[in-house]
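Here is the structure we will look at.
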Amino acid sequence: MGTIEAERKLGEDGCASEKPSPVMAQGWAAKDKSGLLERFEFPLRAKGMEDVVIKVLFCGVCHTDLHQLRDDYGFSRYPMVAGHEVTGVVDDVGDKAAEKFWKGQRVGVGCIVGSCGDCGVCSDGIEQYCKKKKWTYNDVYYDGTPTRGGFASHMVVNYRFVVAIPENLPLDAAAPLLCAGITVYSPMKFYGMDNATRGKTCGVIGLGGLGHMVVKFAKAFGLHVTAISSSASKEKEAREVLGADAFLLSSDAEKIKEAEMTLDFILDTLPVAHPLEPYLNLLKVNGKLVMLGVTPTPMQFITAMLLDGRRSIGGSFIGSIQETQEMLNMAAEKDVRCMIEVVPAEYINKALDRLDKNDVRYRFVVDMRENAPKM
Ligand code: NAP
Ligand code: ZN
Ligand code: ZN
């Protein structure tokens, strides 16, 4: 497939008309809250000076895709082309974007594709918290066009929201780093887990896409890691393959009780509402529980467990673009790899269904290479 160039439409007089005909991308979209994806052709946003046209090669399947496709939060727009763990190669660049990216370069895109660049948080370099940010999909871009994600042949993305994938990271296993990886890395840095003195302990609730990356990054940062899971079947792999130091079955009340006051940090990745009290009690005095899961229904907890131990509950949303690049570089340097199951594009619905049933070790990555249109 060649470079994408906006072709000019010939008018009746044989002259090029003012408006270039759009370049079409081949994607997969949900038409309604059933969340079922079908093949879907859509016009790519016209390439501007600051844009990078990306040929998508791989796209991870995050639980947020499931939430959005099925309208768990009540703000889904259809047709929806999901996917925000994208890796691929640069197909074309606008003049400004060419200062940083070149054709053929290995690149990635995560959860956001725009921010105002002007507000306090943008100035602070934490644009993921900008009130005018643009989601990679299920949003309306600044020019009024719908944003479309990585379950598609191509994307057009402002170069400020594109990151370079280091050479020694394979593009398939790197894809989940663009969301799952940065989502766990950023709070680890923010809460000082990366430079915690030796012997600090970290727990992770839920061993899915995010959770298994907590184990990997926490080990890379030198922490002692306890995996807390509802699946007894994950224990052996958590210890022997992922590298967890300890494993707690969340239904084993006795073992959970024995582990009270042993953890400095907990990262909570559960995608559903759940009681917090047993987990708060696992924290030492001054311990911190960081919520990463987006629960569609409200959660409650008894305050006593927070007060008695001066514990805190925090939250965190992905990470900045600069931090994402830093995380990718660290993953490349320390060989932090996602464990993935690569599937063809035709398998996306099955993958979403299996993700919903907690049947994946630990991230599906869709191979979009065969999906590209012949141009
Ligand atoms: P995932 O791969 O489905 O993993 C979630 C894990 O939670 C499962 O593997 C399972 O682990 C456990 N679990 C317990 N009860 C469950 C239930 N009823 N249904 C499904 N899983 C259950 O999900 P993920 O992609 O890691 O995402 C986790 C959550 O984080 C989602 O809510 C997602 O929207 C959110 N998220 C937030 C951010 C952010 O910026 N904060 C970024 C990405 C995703 P065990 O078998 O070990 O119990
Ligand atoms: Zn995600
Ligand atoms: Zn801003």
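The values are calculated or read from the model by the stated rules, or taken from the named source; none is laboratory data. All figures in this text were calculated on a predicted structure; none of them were measured in a lab. Every residue, glycine as well, gets a Cβ built from its backbone with ideal geometry; the counts of neighbours run over all protein chains shown. Quick note on the areas: whole protein, heavy atoms, side chains included, nothing else; ligands and nucleic acids left out. Shrake-Rupley method; radii C 1.70, N 1.55, O 1.52, S 1.80 Å.
Numbers at a glance
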read-out: Check on Ala218, open to solvent by less than 10 Å² (accessible area, probe 1.4 Å), out of contact with any helix residue (DSSP H, G or I) (no Cβ under 6 Å at 6 or more places or on another chain) and closer than 28 Å to Trp135 by Cα; value: yes
read-out: Tally, over the stretch 177-214, of residues that are free of Cβ contacts under 8 Å to residues at least 40 places away in the same chain and β-branched (Val, Ile, Thr); value: 1
read-out: Residue match in the stretch 322-331 (condition: open to solvent by 50 Å² or more (accessible area, probe 1.4 Å) and more than 16 Å from ligand 3 (Cβ to nearest atom)); value: yes
read-out: Filtered residues of the stretch 87-138 (kept if more than 16 Å from ligand 1 (Cβ to nearest atom), closer than 18 Å to Gly319 by Cα and surrounded by 18 or more Cβ atoms within 10 Å (Cβ to Cβ)); value: Thr87, Val107, Gly114, Cys122
read-out: The stretch 45-68 - residue that is β-branched (Val, Ile, Thr) and within 16 Å of ligand 1 (Cβ to nearest atom) and, of those, least open to solvent (accessible area, probe 1.4 Å); value: Val61
read-out: Single residue of the stretch 103-142 satisfying the filter (more than 22 Å from Leu69 (Cα to Cα) and aliphatic (A, V, I, L, M)) that is nearest to ligand 3 (Cβ to nearest atom); value: Val121
read-out: Selection within the stretch 33-78 - part of a strand (DSSP E or B) and within 15 Å of ligand 2 (Cβ to nearest atom); value: Phe58, Cys59, Gly60, Val61
read-out: Helices (runs of 4 or more DSSP H) wholly inside the stretch 104-201 containing at least 3 residues that are within 14 Å of ligand 2 (Cβ to nearest atom) and touching a helix residue (DSSP H, G or I) at 6+ places or on another chain (Cβ under 8 Å); value: 180-190
read-out: The stretch 297-333: number of residues that are assigned to a loop (DSSP other than H, G, I, E, B), touching a Lys or Arg at 6+ places or on another chain (Cβ under 9 Å) and in contact (Cβ under 8 Å) with a residue 40 or more places away in the chain; value: 2
